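Okay, so here's the structure we're looking at.
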Amino acid sequence: MPFVRQAGAAAILIVLTLSFQCAGMATLIHLAKTQFQRDISRLSALRSAVLVARFTSMIVVLHLMQILLWAAFYRWYCFPSWESAFYFSTTSYSTVGYGDVVLPPIWRTLGPTESLTGVLMCGLSASFLFAVVTRLVQRRELSPS
């Protein structure tokens, strides 16, 4: 029975994490399309860098929200403090995994599950930033100087 509880909790956390990521990425894609509908070929290198920094900052906030989601679960079921829950969630999500704070045995499969989920969500974010930078470079190369 404990496995069913773990699997159910993992499934719910993964679905919520993916929902946050999809909603955040949809918002970022909408913002990027809005930016690219303007004549971005006239953006200076500094303004392009600021645009990438803005998108990167929004992605960091998106990932922090996902880390907080997992941390809330850990705080509720596993750790006595928010500090421990957030620390464990951050090290798991980012795949650092120090091991100085560990989950109770009944929930130990959630750490690797969060790590796998975090890697996939960071991959989606990195691919978005790659697409933005590629578009900026292409527009600058195509613009008449």
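All of (1) outside any loop (DSSP other than H, G, I, E, B); (2) at positive phi; (3) not acidic (Asp, Glu) hold for residue 99 with one exception: (1).
Which members of the range 102-112 meet the condition of being under 22 Å from the mean Cα position of the chain (by Cα), part of a helix (DSSP H, G or I) and surrounded by 14 or more Cβ atoms within 10 Å (Cβ to Cβ)? Within the range 102-112, 110, 111 meet the criteria. For the range 19-47, the set of residues classified as surrounded by fewer than 12 Cβ atoms within 10 Å (Cβ to Cβ), modelled with pLDDT under 80 and assigned to a helix (DSSP H, G or I) consists of 37, 42, listed by residue number.
Taken together, 118, 97 contain a single residue that is surrounded by fewer than 17 Cβ atoms within 10 Å (Cβ to Cβ) and either within 14 Å of the chain's Cα centre (by Cα) or more than 18 Å from residue 9 (Cα to Cα) (or both), which is 97. Number of residues in the range 119-142 that are out of contact with any Leu (no Cβ under 9 Å at 6 or more places or on another chain) and at pLDDT below 95: the value is 8.
A quick yes/no check of all residues on (1) more than 17 Å from residue 20 (Cβ to Cβ); (2) part of a loop (DSSP other than H, G, I, E, B); (3) at pLDDT 95 or above; (4) among the acidic types (Asp, Glu):
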position: 50; (1), (2), (3), (4): yes, no, no, no
position: 75; (1), (2), (3), (4): yes, no, yes, no
position: 83; (1), (2), (3), (4): yes, no, yes, yes
position: 114; (1), (2), (3), (4): no, no, yes, yes
position: 117; (1), (2), (3), (4): no, no, yes, no
position: 144; (1), (2), (3), (4): yes, yes, no, no
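Within the range 1-34, take every residue that is under 22 Å from residue 75 (Cβ atoms) and hydroxyl-bearing (Ser, Thr, Tyr) and give me the one that is farthest from the chain's Cα centre (by Cα). Going through the qualifying residues, I end up with 19.
Here is a check on your reading of the model: is residue 132 under 30 Å from residue 48 (Cα atoms), of a type in the set (Val, Ile, Thr), assigned to a helix (DSSP H, G or I) and touching a residue at least 24 places away in the same chain (Cβ under 8 Å)? Yes: the conditions hold for residue 132. Apart from one condition, residue 73 fits all of (1) buried (at least 17 other Cβ atoms within 10 Å of the Cβ); (2) in contact with a Phe, Trp or Tyr (Cβ under 8 Å, 6 or more places away or on another chain); (3) not β-branched (Val, Ile, Thr); the exception is (2).
The values are calculated or read from the model by the stated rules, or taken from the named source; none is laboratory data. Please read these numbers as outputs of a predicted model, since none were measured by experiment. FYI the Cβ positions are ideal-geometry reconstructions off the backbone, even for glycines, and counts take in every protein chain you see.
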